[in-house]
1. Filter the range A:113-150 for residues that are in contact (Cβ under 8 Å) with a residue 24 or more places away in the chain, part of a helix (DSSP H, G or I) and among the small types (Gly, Ala, Ser) and give the result.
2. Identify the residue in the range B:164-173 that is part of a loop (DSSP other than H, G, I, E, B) and within 11 Å of chain A (Cβ to nearest Cβ) and, among all such residues, is modelled with the lowest pLDDT.
3. Is it the case that some residue within the range B:67-80 is surrounded by fewer than 21 Cβ atoms within 10 Å (Cβ to Cβ), of a type in the set (Gly, Ala, Ser) and within 14 Å of another protein chain (Cβ to nearest Cβ)?
4. Among the residues in the range A:180-187, are any under 30 Å from B:Arg159 (Cβ atoms), more than 15 Å from the chain's Cα centre (by Cα) and within 14 Å of another protein chain (Cβ to nearest Cβ)?
5. Only one residue in B:Gly176, B:Gly186 is outside any helix (DSSP H, G or I), more than 24 Å from A:Glu169 (Cα to Cα) and away from chain A (no Cβ under 12 Å). Which one?
6. Being surrounded by 22 or more Cβ atoms within 10 Å (Cβ to Cβ), in a helix (DSSP H, G or I) and aliphatic (A, V, I, L, M) is true for just one of A:Ala104, A:Ala51. Which residue is that?
7. Among (1) at pLDDT 95 or above; (2) surrounded by fewer than 24 Cβ atoms within 10 Å (Cβ to Cβ), there is one condition A:Leu5 misses while meeting the rest; what is its number?
8. Please tell me if A:Thr101 is among the β-branched types (Val, Ile, Thr), out of contact with any helix residue (DSSP H, G or I) (no Cβ under 8 Å at 6 or more places or on another chain) and at pLDDT 90 or above.
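The values are calculated or read from the model by the stated rules, or taken from the named source; none is laboratory data. Treat the numbers as computed from the prediction; the structure is a model and nothing was measured. Neighbour counts are summed over all protein chains in view; Cβ atoms, including those assigned to glycine, are modelled from backbone coordinates with ideal geometry.
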Amino acid sequence: MTAFLLNLATLAAISGILASTLNFIVGYAGIFSVAHAVFFGLGAYGGAQVALLLVPDPFLACFVAALIAGGLSLCLALPALRVRGEYFVAASLGLQMVAATLFAELKPLTGGIGGLVGIPRPEIFGTVVPVLPLALAALALILFLTARLQRGAFGRTLQSIRDADSAAEALGKNVNAAKTLAVAFACAGAGVAGALYALHLSFINVESFTLDQSIQIMAMVIIGGTGTLWGPLVGAIMLLSLPAVLSFIPFIPPTEVGAVQQIIYGLAMTLLMIFRPAGLVGDQTKGRSTS
Amino acid sequence: MTEVLLKSENLARAFGGVQAVAGVSLSLPAGQVTALVGPNGAGKTTTFNLITGNLRADSGTAHVRGKPVMGLKPWQVARLGVARSFQDLRLFTHMTVRENVLAATETAAWFWQPGGARARATREDRAVTALEATGLSALADARAVDLAYAERKFLSMARVLAADADIWLLDEPASGLDLSSRLRFGELLRAATARGVAICLIEHNLDVVAELSDRIAFLDQGRVLAEGDPQSILRDPALAAIYFGDRPQEAA
């Protein structure tokens with residue numbers, strides 16, 4: 001039971017990082033990306049290869065993962081950010097499709113469909129350490145940075161771009177640079193989450209980095225409350241514990257848990273958007289405002 | 001002769017078959033309010049968009065204090081000291097009034113602004129001054145979306161003020177304001193021109209134009225038909241005929 005809860009807590013912390021970083025670009029910059037799992041995956045494969053080929057040092061794995069995910073997000077974001085709103089959603093959807101295929105096909109780097117197995121446990125100074133404290137520390141760091149950026153000038157810049165990008169530009173803000181920077185920060189964070197995920201499970205494959213995962217992360221953000229600090233974390237914990245809670249309900253046969261879960265997700269999302277349109281933590285006046 | 005801060009020559013731009021702007025030459029002298037007057041579709045807002053880099057000109061040039069601005073992006077033009085307001089305001093609706101104005105003082109796109117604590121204090125001072133000048137101090141914590149009509153117009157002006165630019169391009173900033181708000185708006189412009197700001201104002205209400213402007217440029221069908229002091233332009237019967245839709249028949 002303890003192991004089960006520790007596993008759940010670790011996954012919740014990792015999902016919390018994913019949701020918080022996605023929220024940073026969705027909630028503050030208004031960039032609706034359905035490709036967050038791509039950068040989660042890039043970080044996971046990068047971190048896993050560091051542990052497999054070099055040393056199972058979690059800090060090095062996270063650093064390399066952040067570098068790969070953040071760096072590649074720059075190459076991909078620069079052309080994609082030229083398109084706005086719903087067109088960006090379509091562009092990121094395309095990216096998600098392409099990346100999932102590449103993850104499945106690039107055998108030397110990703111292990112193909114079978115994925116990477118036998119990823120060693122993380123070691124610090126030769127001692128094997130659990131991933132949970134590392135994930136919690138990374139989550140705390142990300143939340144701290146998000147809070148700092150959100151309250152400061154950069155947060156205002158992103159919000160001004162979200163509300164009226166042409167006016168922000170007319171005030172001297174380099175809109176594309178600010179968006180790119182926000183995307184790189186968020187994707188580097190997703191990369192760190194990926195490395196921790198790989199080290200925690202010691203096995204990864206493309207299944208964890210598909211469109212389903214991207215949508216799940218988006219759902220965490222929306223359910224918790226976009227543009228809030230704690231909302232994405234609340235959303236991540238709720239969506240992750242839901243299957244666990246369902247598996248304890250005796251009258252649902254284990255084979256049907258998946259289907260019941262989908263129905264509950266759908267119902268919860270619909271009810272939430274009707275009664276709490278700004279998410280569980282969000283300022284409810286925002287969701288209802290007329291403009 | 002006062003210094004000309006912004007000068008455009010023969011700006012032209014066509015959209016498909018429509019020649020929206022057909023060779024507009026404008027000079028904005030420091031410390032003066034120049035009103036752009038003309039019927040709808042005369043090319044007034046398009047002229048602004050060509051100068052600020054929101055639209056690319058087919059031909060012509062524009063210089064800000066002698067520096068060419070053609071081909072620059074809007075944010076680059078803004079950093080040369082050109083602030084503009086929009087006819088549809090484009091406020092940062094979900095941010096507070098104070099945040100709207102603070103955002104106007106922060107131009108760096110990096111994670112932090114340059115200059116440290118001292119520069120931050122200066123920016124905050126500028127924001128406070130802009131809020132006081134526009135009478136919005138009491139509403140500093142209200143969100144822009146919750147403001148009344150006139151307050152939104154003044155918030156748009158507060159952003160221009162806080163941007164600390166010396167060239168203002170204002171697109172119908174006074175439309176729909178009542179008399180007392182209009183007087184307050186006039187004071188804002190006078191205070192700015194006294195500091196040497198060059199203002200260009202698009203305005204349809206000829207009373208406002210007569211009240212506020214030092215010069216008028218009359219635009220029609222993408223051309224400057226006449227330029228001069230308000231009295232001579234506003235009394236010109238030929239221009240009045242065009243403005244009020246009584247266009248003289250062109251020779252067939």
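1. Listed by number, the residues that qualify are A:Gly114, A:Ala135, A:Ala138, A:Ala147.
2. B:Asp164
3. There is no residue in the range B:67-80 that is surrounded by fewer than 21 Cβ atoms within 10 Å (Cβ to Cβ), of a type in the set (Gly, Ala, Ser) and within 14 Å of another protein chain (Cβ to nearest Cβ).
4. Yes, the range A:180-187 has at least one match.
5. The unique qualifying residue is B:Gly176.
6. On inspection, the qualifying residue turns out to be A:Ala51.
7. The one condition A:Leu5 does not meet is (1).
8. yes
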